[in-house]
Structure formats: structure tokens, C-alpha cells
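The values are calculated or read from the model by the stated rules, or taken from the named source; none is laboratory data. In this text, all values refer to a predicted model and were calculated from it rather than measured experimentally. Because the Cβ atoms are built from the backbone with ideal geometry, glycine has one as well, and the counts that use them run over all protein chains shown.
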């Protein structure tokens, strides 16, 4: 009987590994960081523009959508802290080199981005904030610029557009309580990534309960 139980337990362990391990590997692969360097260019052909970073960094996903580069879980090596951020950036008739970018995951926090632009086009940024609950500050070459004086925000206050910069620009947003929206959460990820641990645990528990019941039933039959 002991030998039979050992065999059934071994089968249960093998089944659990066979079912759970591929899921873990798939999830880990889906979340693998991609490294970029200052020499990497993110081109926007339709807008005659490029985006690049002045430092090394990583992201989970970078995609060109409607002439806008969407960086998911972006992290720059020279930024304060190591939080992964969301950043959407586009440019028209200009080349943008992002020098730094940080957005603390705190209720009261300041998002900061600095970049150098060549060309006399426009640049647009979306940070994943709720800007209505905070204050923007923009400088051109160290000079503070008022709203609609070389920059503006969209009607929903989520997209910031720079129109008058020709060199060094800094953008900051001082957040008020609950100002940070989708930075740092996983709401834009597939369901299986948001709840992968819960799903894996549920599968493992279900298999264990099923096989334990089968072993007990078999033992009862043998005793009878």
C-alpha cells in the first residue's frame, strides 16, 4: 500500500510540474526586459523624426502606434530610483534625445523629464498621469515658460505638446493626492499576466485536491 501511495504521489508531482512549469516559463518570457543603448534610434518615418535616449535602459515593450512610441515598463539607468515607467512620446520634424525621466510611485510626487531637441518641429508626451490633479512646469534652456507660451496641453489635460523649443527642455509635473493614474500598475497587461500567480496557485491546489481525493478513495477500496 505504501508503495502504491508513493507511485500516486509521484504521478501527482509530475502532473503539477508539467502543467505549471510551462505557464511560469511563458509568463517570464512575456515579461523579459529589452535593453537599449544611446545609439538605438526609434524612428517615426511619417513625421520625419527620431527618438533616442542619452543613457542605457530597459523596457518590456516598445511599439510605434499612430506615429507615437509607446514604452511600457521603461527604466533609465541614470534616473532617480528604479521604478519602471510608462512613456508615450512623438515628434514632428524634429529629433528628440531624452536625457532623463523619473516618475516616483508616490501619492505626492514629481514627474520629471529632460530632453534635447534638434529641429523646429513639435514634440508630444503622455506620462500616464492624471494632470488635472497637479501642476505642470516647462522650461526652455532654463527659462520657465507659461502655459500656451511654447507649450500646451490637450483638452483632457493628459497630452503635453511642446511647440517652441529648439534646444534643452525640462518638463515636470507636481502631483497632488491620487494624481498618479496608470504608472506602476498592470491594468494594461493581459489578464493572464495580471493574475498569473493566482492562476498558477489555483491550478496547483486543484490538482493536489483531486489527486489526494483519488488516493484516499483508492486506499479505502483496498481496505474494504
inquiry  = Is it the case, given these coordinates, that residue 63 is in a strand (DSSP E or B) and either modelled with pLDDT of 55 or more or under 26 Å from residue 161 (Cα atoms) (or both)?
reply    = yes
remark   = Subset of the stretch 30-52, residues under 17 Å from the mean Cα position of the chain (by Cα) and closer than 19 Å to residue 113 by Cα, comes to 36
remark   = Per the filter on the stretch 119-140, residues at pLDDT 90 or above and outside any strand (DSSP E or B) are 119, 121
ask   = Is it the case that the stretch 70-87 has a residue that's part of a loop (DSSP other than H, G, I, E, B), modelled with pLDDT of 95 or more and in contact with a strand residue (DSSP E or B) (Cβ under 7 Å, 6 or more places away or on another chain)?
value = no
task = Take the residues in the stretch 154-170 that are surrounded by 17 or more Cβ atoms within 10 Å (Cβ to Cβ) and in a strand (DSSP E or B), then tell me which one is nearest to the chain's Cα centre (by Cα).
result = 160
task = Give me a count of the residues in the stretch 40-60 that are more than 9 Å from residue 90 (Cα to Cα) and outside any loop (DSSP other than H, G, I, E, B).
result = 9
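Going by the structure shown, is residue 153 in contact with a helix residue (DSSP H, G or I) (Cβ under 9 Å, 6 or more places away or on another chain), modelled with pLDDT under 95 and within 28 Å of residue 43 (Cβ to Cβ)?
Values: in contact with a helix residue (DSSP H, G or I) (Cβ under 9 Å, 6 or more places away or on another chain): yes; modelled with pLDDT under 95: yes; within 28 Å of residue 43 (Cβ to Cβ): yes.
Against the criterion (in contact with a helix residue (DSSP H, G or I) (Cβ under 9 Å, 6 or more places away or on another chain), modelled with pLDDT under 95 and within 28 Å of residue 43 (Cβ to Cβ)), residue 153 qualifies.
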